[in-house]
Amino acid sequence: MPRIKDEDIQLVRERARIDEVVESYVTLKSAGGGARKGLCPFHDEKSPSFNVRPAQGFYHCFGCGAGGDSIKFLMEIEGLPFAEAVERLATKFGIQLRYEEDGRPSGPRRDPRQRQRLLEAHAAAGEFYAAQLGSAAEAQVARQFIKDRGFDQSAAEHFTLGYAPKDRQSLTGHLKNKGFTDEELVVGGLARRTNSGTFDVFQGRLLWPIKEMTGEIIGFGARKLYDDDFMAGKYVNTSETPLYKKTQVLYGIDLARRQISGASQAVVVEGYTDVMACHQAGVTTAIATCGTAFGEGHARILRRLMLDHDAFRGEVVFTFDGDEAGQRAAVKSFEGDEEFVGQTYVAVEPRGMDPCDLRMADGDAAVRELIASRIPLYRFVLDNTLKQYDLDRGDQRVDAVRDAVQLASAIRDASKVDAFLREVAGRIGVEVEQVRAEHQKNKGKPAAPSRSSAPQDAPAGEAAPVATGPSFGAPQFADEREALKALAQYPHLAHEFAVDLDEDDFTHPVSREIFTALKGHGWPEKPDPTWIPRVSELLPEALRPVLSRAAVEPLLAQESTTVQVVSSSIFRLQVLTVGRLVSDLKSRLQRTNPIDEADAYNRMFGELIALEQQHRELREKAVGGVVPR
Ligand SMILES: [Zn+2]
């Protein structure tokens, strides 16, 4: 089985900057000192504990302990085997990989370049379909459809729309000519295999390419144009493939991601033409799910994009058409993540028009106004809740109050709760006291869906790895943790001071083993983003999170220059070591008779004086560290 050459793997580590790789998935903000942070993609969190250190080529999450280099990140986030992650990074960063045989018999394995091939097939398909839409005579009906929806040619090009010819093998034939196999087209969801051959999945339809954030096509949404279409659905999307996972794709995210991130707003619409209409009208934060309800996977993508400083402060605006399905979706969203819900808004067009219809009827400004007229989701749900009751009847009002106060639990801003209760009282027509009393009663119930005041993310210190004996996170190991951080983050500066450091300076088995690995690998001469990843590979799996944490956690030291910080943390560790030697020696001296064992006593006494001298010197150096000349 061919293996990627080690030196090429190193080259990938060097070129594939960890922050660039991570930023395709997570919005990162500066965390000071060259570090950057964002919301962890590997666990649910509301405040960012996912740290990225470009200089060290490493990431680490203080919440869940995930950590590693750019290759590890891609493996984890995409669920890829090592070789495929390396290959994808190599493709992205323009590195030509070389392979070598490792002598072992080759077994059946999935082609690691499959994903790349499927992306290439989709790119070629996208070009083919776009060209058909642009010039094929039979595509006139598709061009007319676009025009009838209020879009000109430049809009169609901006969204790279396409047309799938009615001919059952037009795409299949085109791609096979380009060297793609039947198998690749079938696996990629572009073709179907039947008893009589391989045929295009989409025939005689208008197509919207569905893209990843990076702009790569991973599937298509297709609209019916002809009555004799063999597919029943008005809209049909690519089925689940190795590229396309419908619970994790948002149509338009490639065009909207920067605006969503910058404006901290996302507008969720229902259809492809609605996304187009919004963008054309200037609402460039619009996206849509593809043939599935908005779910947790989609919320996660948006949350990551809208991270603002330390908290998620963005708003998500849903445009519902006000019909029953839209209302159901709203209530469903309401039952989801509370924090998300607290920032969820609804924009409902009074006549029930979707953004595409609205733009055709009233123009671009009307679309912008619709979005600006958003109301908090809780108010929308309140309206729908109250509609179920006959408020002219006393018993129904009691029930309405009970139902309505439940919604107060989703209001993010506590100062707005009372205003909401007043609103409920006014809407139902009861005394506000009655509503407040019901709210209090409701708050007392443990089962009520009220906000938890407990911290959502475990404090960083609790994510320390488990070891037998005292945890490495215990207070007595603070200096060892600091020294490890200094060595991991500034090995090129540390090695000068670490010459005298040895295993015994570390008293915890975890730090000792990591230090041994660092030292054994040899200190780098200059900053090297591949160094930590290489050392990490030498460590047992259980110790890797400790190293990745050390590589990203800010040093606690107060000294003014990095060299001082690094040297003082190393000297502090040595102060401890020499301190231990001093007390051992004193204890032995106490147990030695200065007259009967005069020679030994004098020798030890001399050693003690020297050690104490060394101890004093180290203590001085440890305060403030070495000032660089
Ligand atoms: Zn995490």
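Separation of segment 126-180 and segment 253-293, taken as the distance between their Cα centroids, equals 22 angstrom. For every other residue with a beta carbon closer than 14 angstrom to the beta carbon of Asp502, add +1 if it is Lys or Arg and -1 if Asp or Glu, then tell me the sum. Result for the neighbourhood of Asp502: -3.
The residues neighbouring Arg13, those whose beta-carbon lies less than 11 Å from its own, together hold a net charge of -3 under the Lys/Arg +1, Asp/Glu -1 convention. Run down the aspartates and glutamates and flag those whose C-alpha is under 19 Å from the C-alpha of Lys519, throwing out any fewer than 8 positions away in its chain. By straight Cα distance, Lys519 reaches Asp479, Glu480, Glu482, Glu496, Asp500, Asp502, Glu503, Asp504, Asp505, Asp528, Glu537, Glu541.
Given the DSSP H assignment, sum -39500 (n - 2.57) over each helix run of at least 4 residues in the chain and divide by its residue total; what's the result at 222 nm in deg cm²/dmol, nearest 500? Calculated at 222 nm, the ellipticity per residue is -14500 deg cm²/dmol. Across the accessible surface of the chain, with the other protein chains kept in place and a 1.4 Å probe, carbon and sulfur atoms take up 50 percent.
Per residue, the solvent-accessible area of the chain (1.4 Å probe, heavy atoms of protein chains only, all protein chains present) comes to 47 Å².
Name the lysines eligible as straight-distance cross-link partners of Lys92: C-alpha to C-alpha under 27 Å, and not fewer than 8 places from it in the same chain. The qualifying lysines are Lys5, Lys29, Lys37, Lys72, Lys176, Lys178, Lys211, Lys245, Lys246, Lys526. What does the charge count around Lys586 come to, taking other residues whose C-beta lies under 12 Å from its C-beta (Lys +1, Arg +1, Asp -1, Glu -1)? Summing Lys/Arg as +1 and Asp/Glu as -1 gives 0. Sorting the segments 534-540, 248-254 by their residues' average number of neighbouring beta-carbon atoms within 10 angstrom, most packed first, yields 248-254, 534-540.
Per-residue extension of 0.36 nm, minus the Cα-Cα distance of Lys586 and Arg351, leaves a gain of 75.6 nm for this segment.
Only lysines eight or more places from Lys443 in sequence, or on another chain, were considered; those with a Cα closer than 29 Å are Lys46, Lys332, Lys387, Lys416.
The values are calculated or read from the model by the stated rules, or taken from the named source; none is laboratory data. The structure displayed is predicted, hence computed values, not measured ones. As a convention, Cβ positions derive from the backbone with ideal geometry for all residues, glycine included, and neighbour counts pool all protein chains shown. The protein model used for the area step is the full one, side chains on, heavy atoms only, and it has no ligands, DNA or RNA in it. Shrake-Rupley method; radii C 1.70, N 1.55, O 1.52, S 1.80 Å.
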